[in-house]
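The values are calculated or read from the model by the stated rules, or taken from the named source; none is laboratory data. Just so you know, these numbers come straight off a predicted model, no measurement behind them. Virtual Cβ from ideal backbone geometry, glycine too; neighbours counted across all protein chains shown. Each accessible area value is taken on the protein alone, full model and side chains, heavy atoms only, with ligands, DNA and RNA left out. Shrake-Rupley method; radii C 1.70, N 1.55, O 1.52, S 1.80 Å.
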Amino acid sequence: MSKLFPHVFAPGKIGTLTLKNRVVKAPQSSGMSNMDGTVSERLVRYYRDQAAGGTGLIVVEYAYVDDIGAKSAHCHLGISNNEHIPGLAWLAENIKEMGAAAGIQIEHCGRQKFLGTQPICAPSALPWPKLWDQYGVQAVPHVLTIEEIQDIVHAFGDSALRAKEAGFDLVEIHGAHGYLLTNFFSPHTNHRTDLYGGTLENRMRIYIEIVRDVRKKVGPDFPVTIRLSGTDYEPDGFPIEDTIELAKVLEREGIDAFHISGGDHHTMIHQVSPMAMSICHNTWAAEAIKKVVSVPVIASGSITLPEYAEEIIASGKGDFVGLGRPLWADPEWSNKAAADHPEDIRPCIRCNEGCLERTFFHYKAITCAVNPVVSREGELKITPAPVKKNVAVVGGGAAGMEAARVLKLRGHDVTVYEEKPVNGGLLHEAAAPEFKADIRPFMKYQVTALEKLGVPVIREKADVAKLEKYDVVVCATGSLPIIPKIPGVDKPVAVDCLSAINGAKPVGKKVVVIGGGLVGTETALDLAENGHSVTLVEMLPKIMKDVAVTDFLAYSERIAKTDMRILTETRLEEVLDNGARVSSKKGEEVLEADTVILALGLKAEQGLYNELLAAGKEVYLAGDAVKAGKIFDAIHTAYRVAIRI
């Protein structure tokens with residue numbers, strides 16, 4: 001029994017199913033099934049690793065219930081016909097062989113059909129805005145008839161029976177996140193005037209009918225849970241009070257546990273909350289449901305660390321915790337927490353880069369910014385090096401620490417050169433704003449990992465002579481701010497973005513930030529939220545170009561609450577002693593400021609690499625030294641370099 005997290009690692013029950021602990025792998029689409037919805041070997045390898053990590057219950061990603069309009073996404077898992085059963089049985093067996101209970105979520109996508117192909121089915125002809133922007137009239141849903149609704153109800157029941165026959169221990173009905181059931185439940189998406197629309201009783205009717213059909217087909221003793229959004233966070237959507245009434249009714253219909261989340265894809269920042277949103281973002285909704293039902297409640301959403309999970313269960317806000325992204329970041333989350341070694345957990349930073357922005361939104365299988373192995377199980381293993389080498393890693397930032405960790409685990413002798421007094425590199429600047437605090441536990445994890453592995457760190461600047469004795473060098477030398485060739489950039493009033501963020505140079509009360517990309521926007525927002533008067537200047541028509549969707553939404557909300565002035569299609573012409581001279585289509589303007597912050601991007605620092613290359617040394621680049629990027633790029637480039645040395 002864990003001494004640090006006794007409530008999390010106490011056994012629990014959902015219906016007739018006893019679980020070894022209170023950790024549930026929340027269902028998340030992976031994009032790893034075969035095109036026809038059958039189980040792939042890749043999917044089995046992925047879930048086998050997830051199950052080996054000590055989690056009590058693995059709820060397999062949403063599986064579509066019919067072959068008409070239920071399928072949402074590319075390589076989406078299916079449970080719509082009996083030919084899916086052999087693969088599903090194989091998957092369930094693998095999960096249970098690794099010590100976890102096996103559940104599966106069943107769903108109909110409704111209007112949220114990523115594929116954008118008809119038929120798109122919904123209670124009303126109201127398209128998902130994102131799909132409308134992509135496909136126009138093609139995104140307008142077919143309005144379901146009552147006969148078609150009944151067919152879908154029976155499809156859920158039939159799919160639940162297939163889950164039972166395939167050997168799963170539990171089935172979860174997806175009634176959240178803007179998919180079909182919430183399309184009926186929310187006034188935002190349901191404009192019907194028949195027995196499936198209007199009153200709360202009518203809007204919850206499809207839930208009741210599905211639960212009854214499922215329960216009839218799987219029997220009274222098979223565990224059935226349902227995932228609900230506490231609210232969809234739409235202005236004209238459903239409030240928590242409606243969900244409370246729904247939960248009361250569904251408990252009477254035989255639901256064994258409620259898995260509580262929030263939001264829909266239109267309000268995605270409440271569903272897959274980025275780091276600018278609150279930790280444990282939807283726990284308040286789980287707590288509200290728990291007060292009115294007697295069956296277990298699974299709290300989910302941004303529960304990244306075991307101390308958060310322990311507090312939720314110990315305080316009675318939930319009986320279980322549902323973890324999605326945290327188990328992608330570290331499938332061994334449960335094993336490490338149960339062993340009272342939370343410092344060894346590689347924490348999710350809620351960046352949504354690997355799981356959404358660079359993969360799922362582009363029809364690829366998911367990955368993780370901090371864990372390159374997820375979805376590549378069996379392919380990117382850390383294996384013993386065929387020849388032990390003496391390796392120097394230059395740079396103690398995110399990429400350097402990851403490269404050193406992997407190299408050490410492979411059996412190499414590793415030494416890190418870092419001229420700063422502490423490791424972390426630009427992670428310190430990245431984690432400086434309070435709305436990016438999720439990065440701090442990740443940086444601590446990296447530092448601790450090197451300490452535990454006994455990797456020596458030499459606190460001095462590396463050069464060709466000092467590195468001569470090493471067989472191999474990894475240059476993770478990072479990046480430097482781009483300083484434009486514009487008059488006045490050398491004046492005391494001008495400060496580069498990194499010096500402004502880390503406090504190397506003071507920042508006055510009145511600030512102009514030049515550059516509205518990610519770094520510039522974050523810097524401006526942090527200053528604005530901390531009492532500075534800020535003007536953000538960007539050459540392009542909009543700020544935050546190429547910023548992750550969830551960050552864009554979260555930052556836009558926060559910016560709207562400040563007095564920040566934003567000037568787009570505006571160019572810096574000159575830095576003055578008292579501010580900046582800028583120009584736009586409207587003409588020139590002098591922006592008075594105590595400090596002008598230059599946030600015009602970063603450039604790779606490759607000087608040492610080029611010197612080593614010229615000297616004939618075996619040398620590799622990692623992280624920003626390849627190309628200035630994000631934590632995703634730092635970790636992935638470093639890992640891939642380290643596994644091939």
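Assuming R0 = 22 Å, what is the FRET efficiency of Thr193 and Glu253, from their Cβ-Cβ distance, to the nearest 0.05? Spell out each step's value before the answer.
Working: r = 25 Å, r/R0 = 1.15.
For R0 = 22 Å, the calculated efficiency reads 0.30.
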| query | Can you work out the FRET efficiency for the pair His154 and Lys291, with r the C-beta to C-beta distance and R0 = 41 Å, to the nearest 0.05? | reply | 0.75
| query | What angle, in degrees between 0 and 90 and rounded to the nearest 10, separates the Cα long axis of helix 398-409 from the longest principal axis of the Cα atoms of the chain? | reply | 70 degrees
| remark: accessible surface per residue for the chain, probe 1.4 Å, DNA/RNA/ligands not counted, whole Å² -> 38 Å²
| query | Excluding Ile483 itself, what net charge comes from residues whose Cβ is under 10 Å from its Cβ, given Lys and Arg +1 and Asp and Glu -1? | reply | 0
| field | Straight-distance crosslink candidates among lysines, where the alpha carbon sits under 26 Å from Lys617 and sequence neighbours closer than 8 are dropped | value | Lys388, Lys389, Lys408, Lys420, Lys461, Lys466, Lys469, Lys603, Lys627
| query | Taking the structure as given and computing mean projected area of the Cα convex hull in nm², which label from (i) 24.9; (ii) 29.7; (iii) 31.5 fits? | reply | (ii)
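Using a 1.4 Å probe over the heavy atoms of the protein chains, calculate the carbon and sulfur portion of the accessible area of the chain as a whole percent.
On the way: 13090 of 24450 Å².
Exposed carbon and sulfur together represent 54 percent of the surface.
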| Estimated vicinal HN-Hα couplings, Hz - segment 367-383 in sequence order (Karplus 6.51, -1.76, 1.60; Gly, Pro = x) | 9, 9, 4, 9, 9, x, 7, 4, 6, 10, 4, x, 10, 10, 5, 7, 10
| If amide H atoms are built 1.01 Å from N in the plane of the peptide, which residues on other chains or at least 5 residues away come under 5 Å of the amide H of Leu621? | Cys475
| message | If packing is taken as the average count of other Cβ atoms within 10 Å, what order do 250-262, 504-516 fall into, highest mean first? | response | 250-262, 504-516
| field | Amide H contacts under 5 Å for Glu172, placed H, 5+ residues apart | value | Ile104, Gln105, Ile106, Thr225
| Which of the peptides 26-32, 215-221 is most tightly packed, and how do the rest follow, judged by the mean count of other Cβ atoms within 10 Å per residue? | 26-32, 215-221
| Segments 304-311, 14-21 sorted - mean Cβ within 10 Å per residue, highest first | 304-311, 14-21
| request: Run down the lysines and flag those whose C-alpha is under 29 Å from the C-alpha of Lys164, throwing out any fewer than 8 positions away in its chain. | output: Lys13, Lys20, Lys25, Lys71, Lys96, Lys113, Lys216, Lys217, Lys248, Lys290
| query | Between the helical axis of 439-453 and the dominant principal axis of the chain, each derived from Cα atoms, what acute angle in degrees is found, rounded to the nearest 10? | reply | 70 degrees
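What is the gain in length, in nm to one decimal, between Ser315 and Glu97 on full extension, counting 0.36 nm per residue of separation less the C-alpha to C-alpha distance? Before the final figure, lay out the partial values.
On the way: separation 218, 0.36 × 218 = 78.48 nm, distance 3.28 nm.
Gain in length upon complete extension: 75.2 nm.
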| task | Would you list which aspartates and glutamates come within 17 Å of Lys130, measuring only between C-alpha atoms, while excluding same-chain residues fewer than 8 positions from it? | result | Asp232, Glu234, Asp264, Glu357, Asp546, Asp551
